[in-house]
Each structure stands twice: as C-alpha cells, then as structure tokens.
Amino acid sequence: MNYPFWVVPYLGSGWAIGIMSIIHIFVSHFAVGGGIFLAFTEQLAYTRQDERIYDYLKRHSFFFLLVTTVFGAVTGPGIWWAISLASPNGTQFLIQNFTWFWALEYLAFAAELSTFFVYYYTWNRVSRELHLRLAWLYFGISICTLVLINGIITFMLTPGSWLQTHNIWQAFFNPTYWPSNFLRLLIMFGLAGMYALITSSRIRDENFRAYMLRYSARWLLPIFFLGPIIGYWYFSQIPQAAIQNVFTGIQNSGVGNFSILARATYLALILSGTILIFAFVGPYLNPKGFSFKTALLFLSCGLLVTGISEWTREMLRKPYVVYGYMYSNGIRKEQIAQINQVGFFRSAAWAAAARPVIPEPATMGPVVGKGEVIFRYQCMSCHTQTGYRSMKRLLGERDREAIHGFLQILRQTDPEKNPYHGIMPPLAGQDEDVEALADYLNTINNTQKQKLSYAE
Amino acid sequence: MINQPAPKKLLDWLSTRLELEPFFYFAKKKTVPVHKHAFWYYMGGIVLVLLIEQVVTGLLLMVYYIPELRSAHASILSINSQIEFGWFIRSLHSWGANLMVFFVFVHLFSTYFMKAYRSPRELTWLTGLVLLVITFGFGFTGYLLPWDEMSFFATKIGIDIASKTPLIGESLANVLRGGTDIGQHTLSRFFAIHVMLLPLLLMPLLGIHLWIIQAHGMSEPEPGPTDTSDEGSYEKFFPTFILKDFMAWLLILNLLAILVTLMPWGIGQQADPFAPAPIGIKPEWYFLAMFQFLKLLPPTVGPIEGEQFGMMIFGGIGLVFALIPFFDTGASKAWARIATLFGQAVLLGFIVFTIWGWVS
C-alpha cells in the first residue's frame, strides 16, 4: 500500500481524474481522427488539384493545432498529476507493468507533436508531394499512439490470462485490445467529421461549403454502420459479472446499484441514434441550413456521447482499478487476507506518516482518528463525506451499531454474505480497525461528534 | 410510370385518391422569413413535438395507471419499479411536461416581443393564449395523479387559490374537488379532465391555431435600426426550414433523454389527507411565481381579501395579454412601446417571483 489519500472535497478524486480524462479524450481522439482526416482530405486535394480544399485544410489545421496542442498539453499532464495523487498504487503498477510500452508511447507522442508542427509550419514552404507525405506520416504516428495506449487502458478492464501468467504480451494483447482499437478508430472518424463540420460551416463559398459539409458528414458513417458490430464484439469480451452488475434490475426500476451506468448507456445509445439522423438531415441533406452554431451543438452531442461512453467504460471496472487484481482503493485482491490478519495499520507503509499531513477537521478535536485514516484510504477513492456519493447521505439514519453491522457485512468476501460483493471492495482490517472506522463514520452522519485519538 | 421508384408511386397513388395536389403546391410555395430573430420560429415546432411525446407516453401510462384512491400511488410505484421501462416512460412524461410548459412560455414571449399578435394574426394570438391555459390545466391536473404527499398538498393549495377567483371561485373549487375535501371524486375528476376533457379542447383549438398560422404565414418582426442584409429574404419551408426544424426537435429530444436517464422522475410517500402538510410544500415551478406573489400579499387589501386581490391582478394581466392586439396594432409607436414594456415587466416579474419562490 502507498500514499493513503488525496482529498478532493465534494467532488471526490475520481471525478477530478474523470473530468480531466474526458476532456483529454475529446482532444486525443481528435488528434488521431483529425490526423486521419487531414491525410485523406489532403490526398483528395492533391488528386484533384483542388485549391479550395487546400485553403480549407490550412485553416482546419490551424484549428487542429490549437485544439490538440493547447488542450492536450494541459489535460495530459493534468491526468498524470491527478492519477498519481488519487491512485498512486494503480499508477505505480501500470508504470511498472508496462514500462516499455509507456516509453514507446512517449516517443510516439513526441514524434506526433513534432510531425504536426512540421506539417503545419510547412504549408506553402515545401512541395505538395512532401507535404502530403508529412500528412500520412502524422497519420501513421498518431495511430501508433492509439494502439500503444489502448493496450494499457484495455488491460485495466480485461487483464485476461495475465492474471494467471503475468505475461506482459498477454497483458497488452488482452481480450478487448482489438475490438477496442477498432471501436476507438471508428469513434475517432466520427469525431473528426464533427470537428470538420465546425470548420466547414465557416466556409464562405456556398457551393464549396455544401460540398465540405457533406464530405465531413460522411465521416460519421463508419461508426454507425460498423459501431454496433464492433461494440457487440467488445462487450462480449468484458467480464460478464461486470455487465450483470450494471444491467440487473435496470429495466424495471431505473434505480439501484450502478443503475446510473445502465441509464448512461441508454443515453449514449439514444444520443448516437439521433446524431446519425442529425447528420443526415442536417449537413448532408440540408448543408445550406447547417450553421456554425448548429455545428457546435452537434459536436456537443457527439462529445457528450463520447464522454458518457468513456465514463461507463471506466465505471464497468468497478470495484477494481485492474479488474480482478487491484481494487479501486489501491489494495490488491491478494492483500485482503493479509491485512485482515495483521491489521490495517501494520500493512500500510504510510499510515504512521499520515498523521501530520492530514488537516484537522474542526469537528474532530486535536488529533486525527484512526477511523478517518481508514476511511480516506479504503473509501475515499469512491466516496466523499458530504459531496459525490456522500457518506452522510448513504449512511442515512444509521446509528453507531447499525454502521458497525454494515461494515461487518462489507468485510465478507463471500458473495452470499455480502450483497455489495462485486460492487465495492471488501473492507480490509482487523476488528479494531472496523471499530475505529465505525466510530469515524458515526461522526459524519450523527451530530454527536466523538473525539478520537490516533494514538489509541 | 413503370420506372418510377416505389415511394414516388405510392405518393402518386395517395395523391390521386386524397387530392393531395393542393397540399403539395402549398408546401412548395410556402416560405419562411430569414432574419436575425428567426431562431424564435423554432419554438412552436418544439412545443408541438413535446405535445406529441406527451400524448404517446400518456397513452402508455394509462395502460397501467389506476385512478383510484387506494391504487393510484401503488400503480405509479409499480410503473416505476415493476413494469419494464416504466420508469423511463413515466420520466419521459414528467420531464417532457415540464419542458413543454417551459417552451410554451418561450413561444409565448417570443411571439409577444416580435409583435406577432398584430393584424391579421389576432386570432392566432388568442388561440395561443387559450392553449397556454389548457397547458396549465394539463400540468395542474396531472400533478395530482400520482397521489403522493407533495402532489396532494400542492393541489390542495392550488384549489384553495382557485377558490379565491372573484365570482366563480368557490363554485370552481367545488367542481374540481367534487365536494368539500380532496378525495376520490377529485382524483376521478382530475383524471377525466387530464385525459379526456383537456385533449378534446386542445385538439380542435390547436388545429385552428396551426391552420391560421399556415393561412397567414410566419409573422415578420419590424426591422430594427441595426438590422441589415438578411432582411426581406426568405427560405423555402420545405425542405430547408423543416429540416432545420427537425434538427431542433432532435436536440430537444436529446435534452429530454439526458434529463430522463440522468434524473429519473421519482415519487414521494403516499398522500395521507389526515396528516399535517409537510413543511415546504410548493407547487410546480410554473405556478411558483403566482404562489410567491400571493404569499406576499397582506390578508386584506382595502375591502378585498388578499388572495382574491392577487387573483384579480392575475386576471388583469391575462386580460391585457388578450387585448393587446387590439391596442398595439402597429399604428401607434406609443402603444407599441407600452406593450413591450408591459411584456418585459411581466416576464421580469415571472422570473423574479419564480426564483424567489424556489429559494424561499
């Protein structure tokens, strides 16, 4: 176990990562999909020797440069900063397990940026043949960044036979590696088309504007025709327990554990369906009536679907960071028995050092309680005190004994005895740890605050 | 003829039998003005789409809803928790209703400020106002049907307010309640009004409203001093405008889908008429402004009861709205200015009192 906590009040550390990651995905998918768009479109301009397409591409590539480098440069490091604080164990494990793949990813990323800068700043400065080759080079390198990072991201949900063999190639080429690669490529095509609709809608020449809007709208076709097939392939490779967790009972109640994931999935499907119709009746059938503002709204719908889908994929993994291996609180599955045996504080390397770095809550007296340390370590990766997935709300009217009883259920690793098995990590620790945590939780939802001593 | 595609052949077949040629001619000739306020033209279409959504989801809910005192709440619970995708349909109905009322307001004020009520569109305006009242009626009657704590007491307050209407108040309240207390008769009446009476009133009136709009075409606002190039230009209704309209509908349906999936509509505890009213009972947001305004009034204003005075003010505002086409005819700049100021004052008051009611 590693650093115990990073407190993000109300929002929770998970959302701090989530918000940055989702924004980053909007950019990174454009960086790859937009690169493919640039290469294909420049090829078209070159083949037809169409100056209007060249002029359009120069403007579009400036937009591309701004979006991918400015936003990408902010959100990319932001994710690293957030995950290393919020999930140090998971980050450490992924870096160690995929060291060479990360190194290659960095190389590809640096090459991608450099190539694009060269591409952008050599408009009208090198021959058209050479410039076209630069476009295809960028296309190739950006695909490399996708296929490398995809192996690591998919591993987190479907580590597959790596769990038994610990073979790095099996980790990288895990069960969802290929469907995810294809699915992401399709999404990138679609997003590239949507971003291109923004720039195309600003073209002044009416006829050329209509031509480019129709051309850009066609980039959405692959995801809508092949997406369902690849999506089925992808979902068939995901652990069925995860799928079951999400969809059980959702048709009937719309509420309950993880039902938000199923509802989000329905929303993504509805939005995707309407995007297809929108693309057809808007830029394709009626390009003259497709304005810049409409293009922005259209892109918002596309980004919303992308964001929801990514969030759902992330949540499918719960309660793990690496499915079946490491829980979302950073405790490895195999560590649970050991922590239960020797106690939480004898297993946590940073527990002793935790005391001086925790700010003193006004309600808790002069020293921080053991229970709060356990809460921050084992619960706070998913819950906050009073904000997102608020403990105050979830504990409701429970008194100290009821909370203690509930925690005893969470300790069970047998699914028959623990209804939260598969949804939450089991609570790890000895009886005294559970007592301390119950004491602390009791201070969150009950007005009678208890002063606890870390030194107890 | 033999080489024609199947849809065209079908269309020709129907056209011959249903005499559709004039309709096609009309659709071909119909145009829509293009100007910087043209955005507001989409509001009416959005309301219409949401109304269709209300009809479809309402019919589906009727399959399982039981308008009986002991079963109403349980049937909604069953729709929410046992019927497959019942929660989805009910949330579509409830969120859709709120969105519809919102867009009715937007449609009302946008046509008002564009002076679309002026000759020859007085009847369009008046039918629109009646449709607004019918929409309120749908909201008020539909709110009670789940028979939960909040809806019961909010309806009680609503009927109490309605009873303060001068002259007809008490009779109106008695008719709505079906007696002196809210009970089975009230539920039955509200259900009948919600699913039969109001739709029967709405359909022909909506038909007239739409027919007059088609007859006169879209109203064009007077160009302002800064309005430029696009003034005086038109676009074809079919297919240019209708395709854009369609995109607007899709966006609104997406908004509805977001609300429904991320915030499914819940239900409170079953109503207990003998229990004390819970603290903080409030009506639906579109009645909040009136509710808040009435709360601020003293018990009596001169010789008149406070709430009755308030109802007279609301009636007065409604009357001015109804008569405005006959004063602001476009002939007098002073009347035009007064009408605009009046509309702005009402809109501002509505927003301020709604927010005030929400936070207080």
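As a rough footprinting exposure proxy, the listed residues A:I277, A:I17, B:I52 were ranked by other beta carbons within 10 Å of their own, and the order from fewest upward is B:I52, A:I277, A:I17. Among the chymotrypsin sites (Phe, Trp or Tyr not before Pro) in segment A:10-103, those located in a DSSP loop and surrounded by at most 11 other Cβ atoms within 10 Å of their own Cβ are A:Y10.
For chain A, the longest piece that avoids every one of the trypsin sites (Lys or Arg not before Pro) found in DSSP loops with at most 12 other C-beta atoms within 10 Å covers A:205-416. Panel order for B:T141, B:T300, by other beta carbons found within 10 Å of each beta carbon, from fewest to most: B:T300, B:T141. Sites count as exposed loop sites when they are trypsin sites (Lys or Arg not before Pro), lie in a DSSP loop, and have at most 15 other Cβ atoms within 10 angstrom; the longest stretch of chain B without one is B:71-360.
Here segment A:19-171 has an Rg and Dmax of 18.0, 58 Å, counting Cα atoms alone. Sorted ascending by nearby beta carbons within 10 Å, beginning with the fewest, B:M114, A:M194 become B:M114, A:M194.
Helix A:99-121 axis versus longest C-alpha principal axis of chain A: approximately 30°, rounded to the nearest ten. Here, the protein assembly as shown yields an orientationally averaged convex hull projection of 44.1 nm² when only Cα atoms define the hull. When Rg and the Kirkwood radius Rh are both evaluated on Cα atoms of segment B:120-215, their ratio Rg/Rh stands at 1.06.
Over the C-alpha atoms of segment A:36-80, the Rg to Rh ratio, Rh being the Kirkwood estimate, stands at 1.19. Considering only Cα atoms, the convex hull volume of segment B:233-276 works out to 152 Å³ per residue. Residues whose amide H falls under 5 Å from that of A:L11, counting only those 5 or more places apart or on a different chain, are A:Y388, with hydrogens built in the peptide plane. From helices alone, chain A scores -21500 deg cm²/dmol at 222 nm; the rule is -39500 (n - 2.57) for each run of n ≥ 4 DSSP H residues, then divide by the residue total. Full-extension gain between A:T386 and A:E401, please, as 0.36 nm times their residue separation minus the C-alpha to C-alpha distance. This chain segment gains 3.3 nm when fully extended. State which stretch of chain B is the longest one without any exposed chymotrypsin sites (Phe, Trp or Tyr not before Pro), exposure meaning a DSSP loop state and at most 16 other Cβ atoms within 10 Å. The longest such stretch corresponds to B:86-273. As a size descriptor, the averaged projected area of the C-alpha convex hull of segment B:48-123 was calculated at 6.5 nm². Computed from backbone phi, the HN-Hα couplings of segment A:134-147 come to 4, 4, 5, 5, 4, 3, x, 5, 5, 5, 4, 4, 5, 5 Hz, rounded to whole numbers (Karplus: 6.51 cos²θ - 1.76 cosθ + 1.60, θ = phi - 60°; Gly and Pro given as x).
Each residue of segment B:126-138 was assigned a 3J(HN,Hα) from its phi angle through the Karplus expression (A = 6.51, B = -1.76, C = 1.60, θ = phi - 60°), giving 5, 5, x, 5, 5, 4, 5, 4, 4, 4, 4, x, 4 Hz with x at Gly and Pro. Distance from the C-alpha centroid of segment A:110-130 to that of segment B:1-75: 52 Å, rounded to the whole angstrom. With 18 Å as the limit on Cα-Cα distance, the pairs of A:K293/B:K244; A:K392/B:K282; B:K29/B:K115; B:K36/B:K333 that go past it are A:K392/B:K282; B:K29/B:K115; B:K36/B:K333. The string of couplings for segment A:84-93 from the Karplus curve (6.51, -1.76, 1.60, θ = phi - 60°) is 6, 8, 7, 9, x, 5, x, 4, 4, 5 Hz, one whole number per residue in order, with x for Gly and Pro. When the alpha carbon gyration tensor of chain B is reduced to an equivalent ellipsoid, the three semi-axes, largest first, read 38, 30, 18 Å.
Between A:N124 and B:S78, the modelled label-to-label distance comes to 7.4 nm, taking each label 7 Å out from Cα in the direction of the beta carbon.
Over the C-alpha trace of segment B:1-152, radius of gyration and Dmax come out as 21.2, 65 angstrom. With the contact rule set at Cα under 8 Å and sequence spacing of 6 or more, what percent relative contact order holds for chain A? Computed over chain A, the figure is 19 percent.
Counting only other chain Cβ atoms within 10 Å of each residue's Cβ, the peptide B:246-252 averages 6.
Throughout, read-outs are computed from the coordinates displayed, never taken from laboratory work. Here the structure is a predicted model, which means the values were calculated and not measured. Every residue, glycine as well, gets a Cβ built from its backbone with ideal geometry; the counts of neighbours run over all protein chains shown.
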